[in-house]
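Heads up: the structure comes next, in C-alpha cells.
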Amino acid sequence: MNLDQVHLNSTIHPTCLQEPPLAIDVIHQIDVFGVTLYSVLTLMSTLSLLLYLEECVFVYRNVSHPKKTTIMWVSGAAPVIATMACFGMWIPRATMFTDMTSNSYFAVVVYKVLVLLIEESGGSEAFLKRNAQKTFTITTGPCCCCCLCLPRVPVTRRLLFLLKLGALQYAILKTVLSIISIILWTNGNFDLSDLEITGTAIWINPFIGVLTIVSLWPVGIVFMNINSTLKSVKIIPKYAMYQLVLVLSQLQTSIINILALNGTIACSPPFSSVARGTMISQQLMIVEMFIITMVNRSLYHRIYDLLPFNHNGTDKELDAKTILQAPCEEFTA
C-alpha cells in the first residue's frame, strides 16, 4: 500500500464505509433542523395517506364496481410511495423493502391506468363499439415513437387483449422479480452497487427496464388514440399525474442512486454516500408525492356527467339497447 492510499484511508470517516445506520442511531444524532425536517415530512406523508383514505370512502360510496376499484388503485400510487418513503427515511436499512413495495405497487398501477382508459370509454364492449370503424396508430413512446413506417392497426378484440397483456406482464413479473431480489439480498447476492458481470443486479435491473418499456407502450397507444374523446372526464391531467409519478419514482431515483454510487453525493456521518443518496431520494419523494396526492384528489374526488357517444361526429353512435345494458358506473367518474 503506497502513501497516497494510506492518506486516503486515514481521511475517510469509518461510517462512510459502513451499512446504513439503525433507526435509533439516526434519532440519537439528529439535530434541531433534522427534527423539524423529519416532522414536516412525516406529517406530509400522513396527510397524503389520510386524504387518500377519505377519497377511497367517497369513491366507494359514489362509484360502482369495477371502476371504483380501478380509481382506488391509480390514485393510490402517490400516497403509497410517500408512505413507503417515510418508512425508508426513518429506518434506512429498510429501504430495500420499501422501494420494492413501492415499485411493485406502481407496476400494478401501470396496468390499472390502461383499464381506467378503457372503463372511462364505457368498458371493453363500449370501447370496441366506439372504435370499431377506426384504426389506432402505434407509433407512440417509449418503444416506437420514431418508427413512423409502422402501419395503423384496426381496433379488434384481439388487439385489446394484446394491449392488456402487454401492460399486465409488468405487474406480474415485476412483483416476482422484486421478491427474488429481496431473497437474494438477504443472502448477500443482490447489491445495487455491484456492477460486476457476475452480480445479479446487473442482470435483473436491465431486464426490469425492458419490461417497463414494453408495459408503457400499450398504455401510450390507447391514450394517444382516445384522449380527445375523454376530455370531458379530464383524462389528460389524470394521465399527466400518472406520468409524473413514473418519472419521479423511477427516473429521479435512478439518477440520484447513480450519483451516490459515483461518490458525487458526499458522505455525511452516520450516512455513507449511498445511504445519503437514498435518504435524499426518500425525502424528495415525500414532498413530490404529497403535491401529486393533492392534485389527484381534485381530479378523482368528483362525479362526472355521462360520457357522450357522439363527439363531433367522429364516434359511432351506440344504440339504445347497448346504453341500457351498460352498467351505469361505467359512464361516471
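The values are calculated or read from the model by the stated rules, or taken from the named source; none is laboratory data. Model, not experiment: these values are computed from the prediction. Positions of Cβ are generated from backbone atoms using ideal geometry, with glycine treated the same way; all protein chains shown enter the neighbour counts.
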Of everything in region 154-172, what is charged (D, E, K, R) and assigned to a loop (DSSP other than H, G, I, E, B)? Give them in sequence order. none
State whether one or more residues within region 173-185 are surrounded by fewer than 20 Cβ atoms within 10 Å (Cβ to Cβ), assigned to a loop (DSSP other than H, G, I, E, B) and at pLDDT 90 or above. no
At least 3 residues that are out of contact with any strand residue (DSSP E or B) (no Cβ under 6 Å at 6 or more places or on another chain) and among the basic types (Lys, Arg) in each: list the helices (runs of 4 or more DSSP H) lying fully within region 214-313 that qualify. none
Take the residues in region 23-39 that are of a type in the set (Val, Ile, Thr) and exposed (fewer than 11 other Cβ atoms within 10 Å of the Cβ); name whichever of them is modelled with the highest pLDDT. VAL32
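Residue under question is THR200, and the condition is that it be in contact with an Asp or Glu (Cβ under 9 Å, 6 or more places away or on another chain), surrounded by 19 or more Cβ atoms within 10 Å (Cβ to Cβ) and polar (S, T, N, Q); does it hold?
On the way: in contact with an Asp or Glu (Cβ under 9 Å, 6 or more places away or on another chain): yes; surrounded by 19 or more Cβ atoms within 10 Å (Cβ to Cβ): no; polar (S, T, N, Q): yes.
Judged against the criteria, THR200 is not a match.
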Could we say that LYS234 is surrounded by 15 or more Cβ atoms within 10 Å (Cβ to Cβ), at positive phi and touching a residue at least 12 places away in the same chain (Cβ under 8 Å) here? yes
Every listed condition ((1) surrounded by 24 or more Cβ atoms within 10 Å (Cβ to Cβ); (2) in contact with a Ser or Thr (Cβ under 7 Å, 6 or more places away or on another chain); (3) among the β-branched types (Val, Ile, Thr)) holds for VAL115 save (1)
Write out, first by first residue and then by second, each pair whose Cβ atoms fall under 7 Å of each other, whose residues are 6+ apart or on separate chains, and whose first residue, in region 88-109, is crowded, with 19+ Cβ neighbours inside 10 Å while the second is of a type in the set (Lys, Arg). ASN103/LYS174; ALA107/LYS174
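Among helices (runs of 4 or more DSSP H) lying entirely in region 14-106, which contain 3 or more residues that are polar (S, T, N, Q) and in contact with a Lys or Arg (Cβ under 9 Å, 6 or more places away or on another chain)? Please lay out each step first, then the result.
On the way: elements: 23-29, 32-62, 67-75, 77-90.
Helices (runs of 4 or more DSSP H) meeting the threshold: 67-75.
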